[in-house]
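Encoded as structure tokens, the structure appears first; notes follow it.
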Amino acid sequence: MSSVREVTAQDPWWKPQPDSAKNARRMALAFARRDLRLRYVQTQLGWLWAVAQPLILITTLTLVLGRVFALPAEGLRQFGLNLAVALPGWIWFQFTVSQGAMSLVANQALVSKAAFNRSALPNSKAIVGFADFLVGSAVVALGLLLIQEAQALALLRLPLVIAYTALASLGWAYALASVSVRRRDFLAVLPVLLQALFFISPIALPSANFAPVGWGIFYWLNPAVAMADGFRWAWLGWDVWQPAHAISAASGILGFVFGLLALRWRSRRLSEFL
Amino acid sequence: MNSLRIETSNLGKNLGNRWVLRRIDLRLEEGEILGIIGANGAGKSTLLKTLSGLLHPDEGSYRIKGSMASLLEVGTGFHPDLSGRENAFLRGALLGLSRAEVRELLPVVTEFAGVSDRIDEPVKYYSSGMQVRLGFALAAHLPADVLVVDEVLAVGDAAFQAKSLAFLESTWRQSARSVVYVAHQLPQVRRLCDRVLWLDQGLIRMEGPADAVCDAYAASQKSTTPEWAEPERRRGQGKVRATALSIQEQWVTGGTAKLQLHWKEYAPSENLDLRISVESADGSAISLWSSLQSGKSIASSQLEAHLTLSELGLSSGDYLLHLRLFADGLLQDEVLGASTLTVGHGLWKGLEYPTPRPMALQSQDWN
């Protein structure tokens, strides 16, 4: 039984290729493996950096922001908890968006010469980011165990939040990667935009304590709100939800669908632009 | 039909408001090797890219049965920091192989490419020759049902190219693999392909048996009266410069052939060597005629020389002559493409010589 590929000029742009799902999975893993191999080439500490990075970030942010807000000891502890459980997820989110957005342009030699499912490149970035996320989460888990804060039952919610984070970040990555094939403006400002997103997202503080006045619904359109609070819900068992969180979650999931369609639409003429 | 691998119907591609490919109907059976030839911009790459799924057709359709791998530019695209092995896995994935399948192929591939002992080194420490050899070897050993390849043989040194050609000839031709092969070198196309498709400005100009199409293509390529370069722009020291090379009457296989050569003398020399090298129209070297071989020394003051070939050992077809004048072993003048030559049909030693292609013939004695 061999496969048949049939293509006609009239095929609608959203029609998937018969073996494209299998192809996408294999390619995403192959690209991720490449990136992970290359990651710590010519470094001394190698994989220790994956552990050191989140530790350094959590510690500095807690101390610096704690000082800025002049928090007392108990406040500092709460603050550190909030930050620590949300930060690995945020790092993963922004890694997937920034690297994924660049991935088609950065691999243009390959993209213009080989036909593979294009989502594989952004997906591979999500996989690489997930590896970092796992390391960061292990550090967080260890910390929570030490201070006896982890909620064993609530942890069952973690896969749900992880899946949401992957979808929401990939949606943006797909959409930005598709746009960047023709217009690279976004790639230039993306680091700044993500930095800004960090400050308007409830990463260091839960949205209950941090919702800018006068933003109204716009604050909740940010998919990272549901993500960051979701990690608190899963790690610490806090009941963080407000009705408005549904807007944020819907924006993340719709963003994924939109990104997926954008990428498929762009894929058809990709080799003509790169 | 069951064994049909590729079928296109009225396939067309429009790029930048220009039809770069149009009305392409082609069929490729199982085990068949189809060559695609044509000038630059004739649509060869567009056809390959369309069949490989990189470009979506703007007209018509195509159908491919079985697993397909598409190899555009096999020699490039390795990651310098990754080992040869890791690069092979990545390339393999691009070509549709799982890691297990690549692992299985790898010993044969590295052996063929001559990189077995260095496969775990980063590719940046390979010579460029090693990189292209590895790329080719991987491509050539792919188990796909349908291969779409662009210029795979244009890699490596002459020895590796010869080895590659021989390998493809024996493996591809004997397997059930179907291959669409684009190449610029006609001799390779003739050796490898069963059928050839000649593309001209996006349309099929001719399709048929390899030799027939290649002959027609080669004939269309030759210019009738070549223009010589200005003497001062030609290579050589310039003691003598050729002025004319004239071929008398129609040359035929096995007949008597004569040509005349004229030159100007700028500095005297007693010991000229007049050389004419013969190429087939598609660029293969066929023969060399040298005045030194006749044992007579020719003085530059002679200003002209006559060559007589009593039994012309060239099969019928089109050739190109290059002219080089030497004095005491040093190049004085060089005229590439000095003349075209058409050899007509004739008998060789009273018999029909069994070759359809331009080549040098040799008197023989078998016992």
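Sort out which residues of segment A:252-274 are under 18 Å from A:Ala168 (Cβ atoms) and either crowded, with 20+ Cβ neighbours inside 10 Å or of a type in the set (A, V, I, L, M) (or both), and write them in order of number. Let's see the steps before the verdict.
Quick first cut of segment A:252-274, residues under 18 Å from A:Ala168 (Cβ atoms) only: A:252-263.
A:Gly252, A:Ile253, A:Leu254, A:Gly255, A:Phe256, A:Val257, A:Gly259, A:Leu260, A:Leu261, A:Ala262, A:Leu263, listed by residue number.
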Residue within segment A:106-126 that is touching a residue at least 24 places away in the same chain (Cβ under 8 Å), of a type outside the set (Lys, Arg), surrounded by 22 or more Cβ atoms within 10 Å (Cβ to Cβ) and closer than 13 Å to A:Pro54 by Cα present: no
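Would you mind listing the strands (runs of 3 or more DSSP E) fully within segment B:194-309 where at least 2 residues are farther than 22 Å from B:Leu321 by Cβ and of a type in the set (A, V, I, L, M)? If you could, list the steps in order and put the result at the bottom.
Values: elements: B:195-200, B:203-209, B:240-248, B:257-265, B:272-280, B:285-290, B:304-309.
Answer list for segment B:194-309: B:195-200, B:203-209.
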Extreme residue, nearest to the other protein chains (Cβ to nearest Cβ), among residues of segment A:103-119 that are in contact with a Gly (Cβ under 8 Å, 6 or more places away or on another chain) and of a type in the set (A, V, I, L, M): A:Ala115
Out of A:Gly214, A:Gly136, sole residue that is within 20 Å of A:Leu57 (Cα to Cα) and of a type in the set (Gly, Ala, Ser): A:Gly136
Leading residue by the ranking (modelled with the lowest pLDDT) among those in segment A:29-56 that are surrounded by 15 or more Cβ atoms within 10 Å (Cβ to Cβ) and among the small types (Gly, Ala, Ser): A:Ala50
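Here's the yes/no breakdown for (1) crowded, with 17+ Cβ neighbours inside 10 Å; (2) within 27 Å of B:Val20 (Cβ to Cβ); (3) under 14 Å from the mean Cα position of the chain (by Cα); (4) among the charged types (D, E, K, R):
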site	(1), (2), (3), (4)
B:Gln161	no, no, yes, no
B:Trp172	yes, no, no, no
B:Ser178	yes, yes, no, no
B:Arg190	yes, yes, yes, yes
B:Cys193	yes, yes, yes, no
B:Leu199	yes, yes, no, no
B:Leu203	no, yes, no, no
B:Pro209	no, yes, no, no
B:Ala212	no, yes, no, no
When residues of segment B:145-187 are limited to those that are of a type outside the set (D, E, K, R) and more than 25 Å from B:Val213 (Cβ to Cβ), the one nearest to the other protein chains (Cβ to nearest Cβ): B:Gly156
Segments classed as helices (runs of 4 or more DSSP H), wholly inside segment A:201-274, with at least 1 members that are under 30 Å from B:Ser52 (Cα atoms) and out of contact with any Gly (no Cβ under 6 Å at 6 or more places or on another chain): A:245-267, A:270-273
Selection within segment A:124-180 - at pLDDT below 95, farther than 25 Å from A:Arg39 by Cα and of a type in the set (Val, Ile, Thr): A:Ile147, A:Val179
Those residues of segment B:315-354 which are farther than 21 Å from B:Thr256 by Cβ and not assigned by TED's automatic domain parsing to the domain that holds B:Ser301, in sequence order: B:Pro354
Where a residue in segment A:21-36 is touching a residue at least 60 places away in the same chain (Cβ under 8 Å) and its partner, wherever it lies, is in a helix (DSSP H, G or I) and of a type in the set (Ser, Thr, Tyr), with Cβ under 7 Å and at least six apart: A:Ala28/A:Ser124; A:Phe31/A:Ser124; A:Ala32/A:Ser124; A:Asp35/A:Ser124
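Taking the options B:Arg27, B:Arg5, name whichever one is closer than 19 Å to B:Ser61 by Cα and free of Cβ contacts under 8 Å to residues at least 40 places away in the same chain.
Values: B:Arg5 fails: free of Cβ contacts under 8 Å to residues at least 40 places away in the same chain.
Answer to the check: B:Arg27.
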Count of residues meeting criterion [at pLDDT below 90 and touching an Asp or Glu at 6+ places or on another chain (Cβ under 6 Å)] in segment B:237-253: 0
From A:Leu38, A:Leu76, A:Leu29, A:Leu45, residue being among the hydrophobic types (A, V, I, L, M, F, W, C), away from chain B (no Cβ under 14 Å) and assigned to a helix (DSSP H, G or I): A:Leu76
Residue in segment B:40-60 that is over 30 Å from B:Ala88 (Cβ atoms), facing chain A (nearest Cβ under 10 Å) and not in a loop (DSSP other than H, G, I, E, B) present: yes
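The values are calculated or read from the model by the stated rules, or taken from the named source; none is laboratory data. These numbers were taken from a predicted model, which means no experiment stands behind them. Methodologically, a virtual Cβ is constructed for each residue, glycine included, from the backbone with ideal geometry; neighbour enumeration extends over all protein chains shown.
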